[in-house]
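S.K.: Dropping a structure here in structure tokens format, bear with me for questions.
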Amino acid sequence: MIVAKTVYSTFFEVLDIIVAVSIFIGLFQVWVKPQTIVKLLGKGSGIKGFILVCTFPILMGGSLFTVFPLLKALKEKGARTGAIASFITAWGGKAPLLPLETQFLGWPFALLRLSLVVLFAFVMGILMDWVVEKPVEANVNKR
Amino acid sequence: MNDMRAGQIYLIVALGLMAISYMKEKQRTREALKATFKILYTIMPVLIFVFVLMGLIQAYVSRETIASILGQKNGALGIIYAELIGSIALFLPPAVFPFGGYLHNNGASYGSIAGFVFTAILIGVTTLPLEFKLFGKRFTIARNIFTFVLAFFIALLMEEILR
């Protein structure tokens, strides 16, 4: 059956990359603790913080579920809405999965996407701050 | 043949890093190994699911159909369709790329794939409830809408550049 054949061949085509990627992510998870990331990114405020928040998350692996707790910690630390949105968007770049991406979609696609992701995250941050922070700002002014 | 070698190179690099980590801190490396297995354990089922999906599509959906919906001729509309599919896709990120590559080989345009990849990873129908709870309704709705729209433009750009 064609289905079985596709599954079989794709699986082995992908096996060593998947193992490699899992190792990368596992190592990262254990060596770069969430607390470190939270400390590093701070509030994501200021130019430097913003740039960090738009680029660093690209290096992280995991799924949305694993990333949300980290984001919650960031928010509790006082991160701006835009910073959080930028973080999520940049994280969508998923650089650890590069081997997989280049294998199936080619280097040009992968590199182009990665570089655009930074721009994507940047714009997201600005937009989100503009749309979501406004009511909060009003409250702050009242204080 | 070259493809297989690339995978093996990555694996060698990964194992090398593992070895360095082991020499630095044994306990941490053991934890890393546990994390790695946990990740593999989580990824494998989804990956297999996606491969089966790919196999089914291969068997039952013609190249022409894929090309007509997601291909270059459909252009911008194809990107939107791809994004819609990505939004409801229940994949984990590692499964997104094989699937995307497969669609591309069967006629989908780069722009469509880009749209698919962005929404598959960044918009999760399954994670919406959690996002609501953690960040509020306004944030969630705003972020998802912006992501969809921005992804569209970026996908369009990528299509132009890569064509």
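S.K.: Which one is nearest to A:Phe24 (Cα to Cα), of the residues in segment A:83-128 that are more than 7 Å from chain B (Cβ to nearest Cβ) and in contact (Cβ under 8 Å) with a residue 60 or more places away in the chain?
M.R.: A:Pro96
S.K.: Looking only at segment B:31-49, count how many residues are surrounded by 13 or more Cβ atoms within 10 Å (Cβ to Cβ) and either touching a Pro at 6+ places or on another chain (Cβ under 6 Å) or more than 9 Å from chain A (Cβ to nearest Cβ) (or both).
M.R.: 3
S.K.: Have a look at B:Tyr102, B:Tyr110 and point out the one that is at pLDDT 85 or above, within 9 Å of chain A (Cβ to nearest Cβ) and farther than 28 Å from A:Met128 by Cβ.
M.R.: Selected residue: B:Tyr102, the only one of B:Tyr102, B:Tyr110 that is at pLDDT 85 or above, within 9 Å of chain A (Cβ to nearest Cβ) and farther than 28 Å from A:Met128 by Cβ.
S.K.: Sticking with this structure for a sec: Find the residue count for segment B:43-95, including only residues that are within 17 Å of B:Phe152 (Cα to Cα) and either assigned to a helix (DSSP H, G or I) or among the polar types (S, T, N, Q) (or both).
M.R.: Number satisfying all stated conditions: 19.
S.K.: Output the residue which, of all residues in segment B:119-130 that are within 7 Å of another protein chain (Cβ to nearest Cβ) and assigned to a helix (DSSP H, G or I), is modelled with the lowest pLDDT.
M.R.: Once the filter is applied, the top-ranked residue is B:Leu130.
S.K.: Let me ask something else about it. Within segment A:67-95, which residues are surrounded by fewer than 21 Cβ atoms within 10 Å (Cβ to Cβ) and either modelled with pLDDT of 85 or more or more than 16 Å from B:Ala120 (Cβ to Cβ) (or both)?
M.R.: Matches in segment A:67-95: A:Phe68, A:Pro69, A:Leu70, A:Lys72, A:Ala73, A:Lys75, A:Glu76, A:Lys77, A:Gly78, A:Ala95.
S.K.: Here's something else I'd like to know. For A:Phe28, are the conditions met, namely being of a type outside the set (D, E, K, R), modelled with pLDDT of 80 or more, under 29 Å from B:Gly16 (Cα atoms) and in a helix (DSSP H, G or I)?
M.R.: Here the answer is yes, as A:Phe28 does meet what is asked.
The values are calculated or read from the model by the stated rules, or taken from the named source; none is laboratory data. Note that the structure is predicted; figures quoted are calculated from it, not measured. Please note: Cβ atoms are built from the backbone with ideal geometry, for glycine as well, and neighbour counts cover all protein chains shown.
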